[in-house]
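Each remark here refers to the structure printed beneath this line.
The values are calculated or read from the model by the stated rules, or taken from the named source; none is laboratory data. Keep in mind that what you see is a predicted model, and the values were worked out from it rather than measured. Here the Cβ is made from the backbone with ideal geometry for all residues, glycine too, and neighbour counts use every protein chain on show. Surface accessibility is based on the protein's heavy atoms, side chains included, excluding ligands, DNA and RNA. Shrake-Rupley method; radii C 1.70, N 1.55, O 1.52, S 1.80 Å.
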Amino acid sequence: MKVLVSGASVAGPSVALWLGRAGHDVTVVEIAPALRKGGYAVDFRGEVFTTVLDRMGVLPDLRSLQTGGSGMSFVDAAGRTLMRLPPEFAGGELEVLRADLSRVLYEHSRAQATYRFGDSIAELREHADGVDVRFESGVEDTYDLVIGADGIHSVVRRLAWPKERVVERHLKYYVGGWEVPNTLGISGDDSLLYNVPGKLASVGADRRDAGLAQTLFVFKSPELTYNRRDLDQQKAILREQFTGLGWHVPELLKGLPAATELYFDSISRVSVDRWSTDRIVLLGDAGYGATFGALGTGTAVVGAYVLAGELAQARGNFRAAFDRYEARLRKSVTTTQDGSRAGSFLAPATRFGLTARNRILDIPFFNNQMIKMAQKMSELIELPDYSGQEGKLVQE
Ligand SMILES: Cc1cc2nc3c(=O)[nH]c(=O)nc-3n(C[C@H](O)[C@H](O)[C@H](O)COP(=O)(O)OP(=O)(O)OC[C@H]3O[C@@H](n4cnc5c(N)ncnc54)[C@H](O)[C@@H]3O)c2cc1C
């Protein structure tokens with residue numbers, strides 16, 4: 001089949017790898033002019049995720065790039081440590097930078113798929129024989145299937161799903177992250193986190209380049225109106241929210257104007273009543289995502305595996321494959337992709353909330369319980385084995 005995938009971050013290259021390997025003619029369109037860099041470290045917890053990465057053949061590359069995890073030191077304005085969480089709290093079993101993950105998936109898939117950067121779907125028209133697509137560049141083509149792997153604000157979802165079938169919930173917080181020179185001399189062992197009520201400013205060293213560091217800022221806010229393609233506007237929002245704060249915040253904000261990549265988004269969750277139409281299907285954050293604080297990356301990788309596996313098993317009956325893909329995953333991803341506690345955990349809204357969080361998590365028993373909970377979540381996903389199916393999904 002001729003398949004168009006929208007989005008080249010995690011879900012898109014993952015599904016392109018499987019479908020390309022199975023012999024489909026795959027094109028991936030990405031709105032950014034090149035593979036996007038940036039983003040914090042993402043982690044995989046539990047056997048389900050590492051098993052899929054292993055079956056994809058990308059695990060050795062990812063292991064060679066893993067960060068090793070770092071602790072999280074919550075500090076006061078004078079830099080004194082108030083509470084420290086161990087590396088296993090945020091790092092999981094395998095932690096890599098999101099950009100490294102994306103690049104490895106891209107490199108493993110690009111021999112079997114055509115990547116088109118700097119373009120986006122402008123129009124979709126689904127009919128009995130295929131989906132007619134017009135791109136923003138003016139190019140037109142027809143595909144058998146279209147996969148929306150273009151993130152929480154998916155253009156595929158916007159074009160093909162009526163508004164009333166989609167629920168987008170703003171979870172009261174925003175998150176922003178950008179790269180800065182490591183002028184503060186932060187070591188790779190711990191990232192530093194500074195709070196005032198409703199806000200978090202944090203910075204962690206890039207463990208492979210001591211001269212660089214990555215910020216992560218979180219703030220509580222009602223829904224804001226801004227242009228998602230306008231980086232300057234997003235930078236201005238961050239500046240406005242954090243100007244006047246102490247600690248190293250002024251120094252970290254200084255690096256903002258020069259940042260060419262900025263990850264800025266509301267912490268929100270999306271759900272659709274059904275993940276597919278006749279020939280169009282949603283994958284990863286586009287269909288069942290929560291920005292931040294959920295198991296988004298692992299879920300996107302598993303989603304790609306199950307979608308491609310069901311397509312191989314259904315031998316051309318893509319409708320049945322889409323239904324089985326959703327039936328297998330909907331219940332577990334609804335639980336794992338909650339995301340509603342991320343904002344209030346990182347930036348509690350009150351002084352009392354901040355003190356309570358620090359006191360509770362300072363007790364090893366409680367932070368161990370949280371590590372175990374995250375592990376248990378990933379075990380909710382039941383992993384089918386598609387080996388031996390037509391299309392040879394397992395690398396030989
Ligand atoms: C630059 C970046 C930084 C991130 N940083 C973090 C982080 O620090 N922490 C965290 O928890 N999560 C982060 N995420 C989100 C995380 O990658 C996802 O939650 C998760 O990995 C699921 O991946 P996904 O492929 O479904 O969606 P995403 O990773 O969101 O990828 C969607 C892709 O689609 C592309 N796209 C968007 N619109 C269009 C369009 N109209 N046409 C074509 N392509 C389009 C985007 O540029 C992106 O490459 C980041 C995502 C990106 C893109």
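So the check is Cβ under 6 Å with 6+ separation or different chains; which pairs have a first residue in the range 149-164 that's free of Cβ contacts under 8 Å to residues at least 60 places away in the same chain and a second one that's of a type outside the set (Phe, Trp, Tyr) and within 13 Å of the ligand (Cβ to nearest atom)?
Leu159/Leu124
Identify, from the list Ser70, Ser102, the residue that is closer than 27 Å to Glu179 by Cα, within 16 Å of the ligand (Cβ to nearest atom), hydroxyl-bearing (Ser, Thr, Tyr) and at pLDDT 95 or above.
That would be Ser102, the only listed residue that is closer than 27 Å to Glu179 by Cα, within 16 Å of the ligand (Cβ to nearest atom), hydroxyl-bearing (Ser, Thr, Tyr) and at pLDDT 95 or above.
Just checking, does the range 223-246 include any residue being within 30 Å of Leu307 (Cβ to Cβ) and over 19 Å from the mean Cα position of the chain (by Cα)?
Restricting attention to the range 223-246, the residues satisfying the condition of being within 30 Å of Leu307 (Cβ to Cβ) are 228-229.
Keeping just the survivors that are over 19 Å from the mean Cα position of the chain (by Cα) gives none.
No, every residue in the range 223-246 fails to be within 30 Å of Leu307 (Cβ to Cβ) and over 19 Å from the mean Cα position of the chain (by Cα).
State which residue pairs qualify: first residue open to solvent by less than 30 Å² (accessible area, probe 1.4 Å) and more than 14 Å from the ligand (Cβ to nearest atom) and inside the range 113-138, second residue acidic (Asp, Glu) and at pLDDT 95 or above in any location, beta carbons under 8 Å apart, and separation of 6 or more residues or different chains.
From the range 113-138, the pairs are Gly130/Asp144; Val131/Asp144.
Where residues in the range 74-111 are part of a loop (DSSP other than H, G, I, E, B) and closer than 30 Å to Trp18 by Cα, which of them is farthest from the chain's Cα centre (by Cα)? Talk me through it step by step, then tell me what you get.
Filtering the range 74-111 for residues part of a loop (DSSP other than H, G, I, E, B) gives 76-80, 86, 92-93, 110-111.
When the remaining residues are screened for being closer than 30 Å to Trp18 by Cα, the result is 92-93, 110-111.
On the way: Gly92: 15, Glu93: 17, Arg110: 20, Ala111: 24 Å.
Here the answer is Ala111.
Restricting attention to the range 22-41, and to residues there that are touching a Leu at 6+ places or on another chain (Cβ under 6 Å) and closer than 24 Å to Gly204 by Cβ, which single residue is farthest from the ligand (Cβ to nearest atom)? Can you show your working first?
Quick first cut of the range 22-41, residues touching a Leu at 6+ places or on another chain (Cβ under 6 Å) only: 26-27, 40-41.
Those still in the list that are closer than 24 Å to Gly204 by Cβ too: 40-41.
Working: Tyr40: 3, Ala41: 8 Å.
It comes out as Ala41.
Could you please give the count of residues in the range 184-221 that are more than 16 Å from the ligand (Cβ to nearest atom) and not in a loop (DSSP other than H, G, I, E, B)? Steps first, please.
Taking the range 184-221 first, the residues more than 16 Å from the ligand (Cβ to nearest atom) are 184-190, 192, 194-199, 208-211, 220-221.
If we keep only those that are not in a loop (DSSP other than H, G, I, E, B) as well, we get 190, 192, 194-196, 199, 220.
The number of residues fulfilling the criteria is 7.
If we only count helices (runs of 4 or more DSSP H) wholly inside the range 281-353, which ones have 1 or more residues that are under 30 Å from Asp25 (Cβ atoms) and open to solvent by less than 10 Å² (accessible area, probe 1.4 Å)? Please lay out each step first, then the result.
On the way: elements: 285-288, 296-314, 318-336, 342-346.
Counting at least 1 such residues, we get 285-288, 296-314, 318-336.
Being buried (at least 22 other Cβ atoms within 10 Å of the Cβ) and away from the ligand (no atom under 13 Å from the Cβ) narrows it down to one residue among Leu19, Leu59, Leu82, Leu4; which is it?
On the way: Leu59 fails: buried (at least 22 other Cβ atoms within 10 Å of the Cβ); Leu82 fails: buried (at least 22 other Cβ atoms within 10 Å of the Cβ); Leu4 fails: away from the ligand (no atom under 13 Å from the Cβ).
None of the others qualify; the one that does is Leu19.
Within the range 169-183, is even one residue touching a residue at least 24 places away in the same chain (Cβ under 8 Å), within 19 Å of the chain's Cα centre (by Cα), surrounded by fewer than 16 Cβ atoms within 10 Å (Cβ to Cβ) and assigned to a strand (DSSP E or B)?
Step one: of the range 169-183, the residues touching a residue at least 24 places away in the same chain (Cβ under 8 Å) are 169-183.
Checking the rest, the ones that are also within 19 Å of the chain's Cα centre (by Cα) come to 169-179.
With surrounded by fewer than 16 Cβ atoms within 10 Å (Cβ to Cβ) added as a condition, the list becomes 169-170.
With assigned to a strand (DSSP E or B) added as a condition, the list becomes 169-170.
Yes - at least one qualifying residue is present in the range 169-183.
Within the range 153-168, which residues are within 11 Å of the ligand (Cβ to nearest atom) and crowded, with 22+ Cβ neighbours inside 10 Å?
Of the range 153-168, the ones within 11 Å of the ligand (Cβ to nearest atom) are 153-159.
Once the filter is applied, which keeps residues that are within 11 Å of the ligand (Cβ to nearest atom) and crowded, with 22+ Cβ neighbours inside 10 Å, the range 153-168 yields Ser154, Val156, Arg157.
Given the condition more than 9 Å from the ligand (Cβ to nearest atom), among the β-branched types (Val, Ile, Thr) and surrounded by fewer than 16 Cβ atoms within 10 Å (Cβ to Cβ), answer yes or no: does some residue in the range 141-150 qualify?
Scanning the range 141-150, I find at least one residue that is more than 9 Å from the ligand (Cβ to nearest atom), among the β-branched types (Val, Ile, Thr) and surrounded by fewer than 16 Cβ atoms within 10 Å (Cβ to Cβ), so the answer is yes.
Quick check, is Met373 open to solvent by 80 Å² or more (accessible area, probe 1.4 Å) and either modelled with pLDDT of 85 or more or closer than 30 Å to Glu88 by Cα (or both)?
It is true that Met373 is open to solvent by 80 Å² or more (accessible area, probe 1.4 Å) and either modelled with pLDDT of 85 or more or closer than 30 Å to Glu88 by Cα (or both).
Looking for whichever is farther than 24 Å from Lys376 by Cβ and within 12 Å of the chain's Cα centre (by Cα) here; the options are Ala258, Ala286. Which one fits?
Numbers: Ala258 fails: within 12 Å of the chain's Cα centre (by Cα).
Of the residues listed, the single one that is farther than 24 Å from Lys376 by Cβ and within 12 Å of the chain's Cα centre (by Cα) is Ala286.
Looking at Lys372, is it closer than 26 Å to Leu283 by Cβ and without any contact (Cβ under 8 Å) to a residue 40 or more places away in the chain? Walk me through how you get there before you give the answer.
Working: closer than 26 Å to Leu283 by Cβ: no; without any contact (Cβ under 8 Å) to a residue 40 or more places away in the chain: yes.
Against the criterion (closer than 26 Å to Leu283 by Cβ and without any contact (Cβ under 8 Å) to a residue 40 or more places away in the chain), Lys372 does not qualify.
Output the number of the condition that Glu93 fails; it satisfies all remaining conditions of (1) modelled with pLDDT of 90 or more; (2) over 19 Å from Phe365 (Cα atoms); (3) open to solvent by 10 Å² or more (accessible area, probe 1.4 Å).
Against the list (1) modelled with pLDDT of 90 or more; (2) over 19 Å from Phe365 (Cα atoms); (3) open to solvent by 10 Å² or more (accessible area, probe 1.4 Å), Glu93 comes up short only on (1).
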